[in-house]
1. Where both residues lie in the chain, what percent of DSSP beta bridges are antiparallel, nearest 5?
2. Measuring from centroid to centroid over Cα atoms, what is the spacing of segment 110-131 and segment 238-315 in Å?
3. Over what distance in Å are the Cα centres of segment 1-28 and segment 54-77 separated?
4. Which value in nm describes the separation of the simple spin-label points at L129 and D280, placed 7 Å from the Cα toward the beta carbon?
5. Give the span of segment 183-314's Cα atoms along each principal axis, as three whole-Å numbers ordered largest to smallest.
6. With a/c under 1.5 counting as rounded, go ahead and sort segment 1-84 into rounded, prolate or oblate using the C-alpha gyration tensor (a ≥ b ≥ c being the square roots of the eigenvalues; past the cut-off, prolate if a/b is larger than b/c, else oblate).
7. Per residue and in cubic angstrom, what volume does the convex hull of the Cα atoms of segment 230-285 have?
8. Given Cβ point charges of +1 (Lys, Arg) and -1 (Asp, Glu) and nothing else, what value in debye, to the nearest 20, does the dipole of segment 3-168 about its Cα centre take?
Amino acid sequence: MATIVVYVEHQGGNAKRASLEALGAASSCAEDVVAVLAGEGAAGAAPGLGSSGAGKAIVLTGAASPDAVAAALAAAVKERGAKAFVASATSSGRDIAPRVAAHLDSTLFSDCVGLDADGDAFTLTRPWLAGKLLAKLRSNAPVLCATLRRNVFQPMSASLTADVSEVSLGEGKLTLTGIAAKEGGALDVAEAPVVVSGGRGLKESEHFKLIEDLAAAFGDAAVGASRAVVDAGWRPHAEQVGQTGKTVAPQLYVAVGISGAIQHLAGMKTSRVIVAINKDPEAPIFKVADYGIVGDAFEVVPVLIEEVRKIKAQA
Ligand SMILES: Cc1cc2nc3c(=O)[nH]c(=O)nc-3n(C[C@H](O)[C@H](O)[C@H](O)COP(=O)(O)OP(=O)(O)OC[C@H]3O[C@@H](n4cnc5c(N)ncnc54)[C@H](O)[C@@H]3O)c2cc1C
């Protein structure tokens with residue numbers, strides 16, 4: 001029976017959705033899924049993980065230094081003879097997973113959009129060449145290590161009760177002393193379920209008010225930007241989506257006045273639903289869009305804002 005160890009992130013006593021997706025992916029490939037959690041509140045989040053496919057949950061107690069957590073994860077993999085270790089491709093997952101792979105003398109398959117198992121052999125799917133190709137890769141390492149792109153895999157619903165145990169963390173080489181939330185509490189473009197992005201078609205930075213208003217109308221949306229507008233100094237780099245910015249895969253991605261250059265598509269192509277608004281019907285963004293509106297952003301977006309507000313008011 002193949003075992004997969006999953007690094008589970010949590011907040012406010014609940015596992016993060018990205019981690020539930022990783023548990024879902026692991027559960028579809030292995031009968032035995034072991035969730036490992038660290039940090040304050042881990043003990044509260046652990047018992048409920050059975051309903052997401054984890055038969056076991058290990059709570060790491062003590063200061064959650066990334067190197068100590070990674071060492072404990074690698075130890076859990078070895079002790080249980082697990083064939084794979086997966087984490088979500090979040091900031092934390094990207095921090096932890098390479099360390100785990102190094103401990104296991106394995107290789108890391110990062111940002112995967114597919115994970116399949118044939119017995120103990122795993123096949124991964126990864127975007128290559130800025131998303132132009134999807135590569136299928138077979139791991140030959142004794143233990144597969146991978147991070148999984150969020151919003152690609154589905155959480156699962158199971159009737160398991162997680163068997164919870166505790167393991168003390170060793171001393172790490174670095175200590176996380178605190179996390180400073182961004183002022184104003186704006187959602188991070190890489191984490192928001194809805195992203196509204198603007199491009200050079202908005203003409204000047206002040207017109208990004210339209211993008212901000214549409215994001216605010218959705219409520220749970222972040223503002224994103226193309227590199228052209230970041231390079232022009234209209235928006236901060238933290239909002240840039242694409243090859244040299246962030247990779248996002250929200251439930252809904254709205255691209256306004258963005259042409260759809262390959263480097264932009266690399267960062268948002270796997271979004272669940274893509275809506276593009278562009279006055280050029282030949283714009284490449286329409287090739288990846290599920291819904292396309294050919295029109296002037298300055299006419300279309302105000303109507304959208306009104307309609308979204310109305311729907312939200314009724315909900
Ligand atoms: C190595 C490398 C890395 C890169 N990394 C990134 C990256 O991470 N992210 C990224 O985004 N780009 C990246 N780029 C740049 C990328 O190639 C494009 O130049 C950039 O994405 C273009 O931004 P844009 O779509 O906003 O602008 P443009 O290409 O100028 O497109 C503007 C669009 O707005 C439309 N438009 C104009 N007026 C209106 C209107 N009134 N209403 C509606 N639509 C309108 C136009 O039809 C056009 O399609 C990278 C390039 C290189 C070489």
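1. Approximately 20 percent, going by the DSSP bridge assignments.
2. Segment 110-131 and segment 238-315 have Cα centres spaced 27 Å from each other.
3. Segment 1-28 and segment 54-77 have Cα centres separated by 13 Å.
4. 2.3
5. Projected onto the principal axes, the Cα atoms of segment 183-314 cover 38, 37, 29 Å.
6. Oblate is the answer for segment 1-84, as a/c is 1.5 or above yet b/c matches or exceeds a/b.
7. Taking the convex hull of the Cα positions in segment 230-285, it is 82 Å³ per residue.
8. The calculation lands at about 520 debye.
The values are calculated or read from the model by the stated rules, or taken from the named source; none is laboratory data. If you're wondering where the values come from, they're calculated on a predicted model, not measured in any experiment. Positions of Cβ are backbone-derived with ideal geometry, glycine not excepted, and every protein chain shown enters the neighbour counts. Side chains are part of the model used for accessible areas, which takes the heavy atoms of the whole protein and leaves out ligands, DNA and RNA. Shrake-Rupley method; radii C 1.70, N 1.55, O 1.52, S 1.80 Å.
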